[in-house]
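Report on the following structure.
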Amino acid sequence: MRRVRDVVIVAAAGGLALSIAGHTMIPDIAGAGTLLDSAAPWLGLMIPLLLVAGLVLQARTTLAMLIPALVWCLVFGANLLPHASAATGNMRVVSQNLYASNDNPAATAADLAATNADVVGVQELTDPGRRAIATVLGDDHPHHATIGTVGVWSRYPITEVDRVDLGLGWTRALRARLHTPHGPIEVYVVHLPSLRPESIDQRNQALDELADALRTDNSSRAIVLGDFNTASSDRAMQRLPSKARAVRQDTGSGFGFTWPARFPLVRLDHILQWGLHPTDTNTIHTRGTDHRAVLADFTA
């Protein structure tokens, strides 16, 4: 009986370690792989549970739990390390899914204004949300552009606003040129389809369309922000061109989960960039919406 316990614990430890290290290699059948990717950081919670089980069963192989613990640290531990920057940013951007059912968009807009961001990108814009954002941000952010359900408000002049086709039949992404005191910067505001089993193929198709648009963009500096409905640990993020680096990779600490807002479990909202120097990043709890906002500071 003891030998059976030992074998079970070793098998569980090995299986957990493989799941943590190789979650992106598990076949994505009916979206199961993507959903596993999204939950991958939380697999670490299985380690203490299996450790307790081993102690209760008095298994001699309980120390095998050190293997998945080490693997988790190697794969995800860097997210817990601070990446402080000595530089001070001279431009701040923030992105917010405004939530179509938001019954108090003015409060959300006020929270976004309180971040003192120079550029505000929003998704899930409705008519009430558009009016609230324009009223609250209009004086300090006189330049804006909206297409479909996405928009950008800026302290800097905006020109060359274009629709970005995500292959959805309706517009959920735009590209605009900001004329900042530090030179022109291209800004994308995007909202990809929802992360649900029945819509993962559509989400992936839209992500491919966005990746193609970014890959062919020859701008020297760009910021891509929005609700990607794609977790940081999702294999789908590898579809994006390598030049579009996630700001969280370069600065900040923690996992930066953004959804659901009350108790975030996954990071679906991102800020990517190339040609700029990010100095800080954070998530902001805003009223009225089901996503936390994401914020980043840059030296432009």
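A few points about this structure:
- Close pairs from segment 278-293: first charged (D, E, K, R), partner surrounded by fewer than 20 Cβ atoms within 10 Å (Cβ to Cβ) and assigned to a strand (DSSP E or B), Cβ under 9 Å, at least 6 apart: Asp280/Arg92; Arg292/Ile284
- Exactly one residue out of Leu272, Leu210 is touching a strand residue (DSSP E or B) at 6+ places or on another chain (Cβ under 8 Å), over 22 Å from Ala300 (Cβ atoms) and not in a loop (DSSP other than H, G, I, E, B): that is Leu210.
- Pairs are defined by a Cβ separation below 7 Å, a sequence spacing of at least 6 or placement on different chains, a first member in segment 55-81 that is more than 28 Å from Val247 (Cβ to Cβ) and assigned to a helix (DSSP H, G or I), and a second member that is open to solvent by 100 Å² or more (accessible area, probe 1.4 Å) and of a type outside the set (S, T, N, Q); the pairs so defined are Thr62/Leu55.
- Among all residues of segment 92-107, there is none that is aliphatic (A, V, I, L, M), more than 28 Å from Ala293 (Cα to Cα) and surrounded by fewer than 21 Cβ atoms within 10 Å (Cβ to Cβ).
- Positions within segment 122-161 being open to solvent by 10 Å² or more (accessible area, probe 1.4 Å), closer than 24 Å to Asn104 by Cβ, among the polar types (S, T, N, Q) and part of a strand (DSSP E or B), in sequence order: Thr146
- The residue pairs whose first member lies in segment 93-122 and is touching a residue at least 60 places away in the same chain (Cβ under 8 Å), whose second member is aliphatic (A, V, I, L, M) and assigned to a loop (DSSP other than H, G, I, E, B), and whose beta carbons are closer than 7 Å, counting only pairs six or more residues apart or on different chains, are Val93/Ala117; Val94/Ala117; Leu98/Leu125; Pro105/Leu98; Thr108/Leu98; Val122/Leu98.
- Unique match (being touching a helix residue (DSSP H, G or I) at 6+ places or on another chain (Cβ under 6 Å) and either farther than 21 Å from Phe76 by Cβ or open to solvent by less than 40 Å² (accessible area, probe 1.4 Å) (or both)) among Asp212, Asp269, Asp234, Asp297: Asp234
The values are calculated or read from the model by the stated rules, or taken from the named source; none is laboratory data. Everything numeric in this text was worked out from a predicted model, so none of it was measured. Reconstructed Cβ throughout: ideal geometry from the backbone, glycine too, with neighbour counts over all protein chains shown. Only protein heavy atoms, including side chains, enter the accessible area calculation; ligands, DNA and RNA are left aside. Shrake-Rupley method; radii C 1.70, N 1.55, O 1.52, S 1.80 Å.
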